[in-house]
Amino acid sequence: MKRKVYIVAKIFDKQGCIAYCCKNLSEANYVPNTLNCLVHEGVQIVVLDDPDIYSEYAPYEYIEDLLTFINKAAKLNDKSTNTTTSLSKITAFN
């Protein structure tokens, strides 16, 4: 994959986000749909080609590992104190 593609998860009306640089096109195609099913209300999932030009999402916290990114995104804006999200069975898209 020559062109870098980033998946970003952000809580609406809050500064900052988490971002993941996709390793391949399958991740860029399928991970956002998976995340939209897992995230809490008020969390925005977007796909960007160059995070540097989208200052409205800054500052970016870059997550290297896909599973870690999915787990963190799933916990964004979680209002409950007793919710655990286990995504250990999700494997990376190759």
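The values are calculated or read from the model by the stated rules, or taken from the named source; none is laboratory data. All values derive from a computational prediction rather than experimental measurement. Don't worry about glycine lacking a Cβ; one is built from the backbone with ideal geometry, like all the others, and counts go over all protein chains shown.
Listing for the model above:
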{"read-out": "Options Leu76, Leu35, Leu66: the member that is of a type outside the set (Phe, Trp, Tyr), touching a His at 6+ places or on another chain (Cβ under 8 Å) and at pLDDT 90 or above", "value": "Leu76"}
{"read-out": "Candidate set from segment 20-67 (those that are closer than 12 Å to Ala9 by Cβ and β-branched (Val, Ile, Thr)); member that is nearest to the chain's Cα centre (by Cα)", "value": "Ile45"}
{"read-out": "Hits in segment 45-63 - residues which are loosely packed, with under 14 Cβ neighbours inside 10 Å and in contact with a Lys or Arg (Cβ under 8 Å, 6 or more places away or on another chain)", "value": "Asp49, Asp50"}
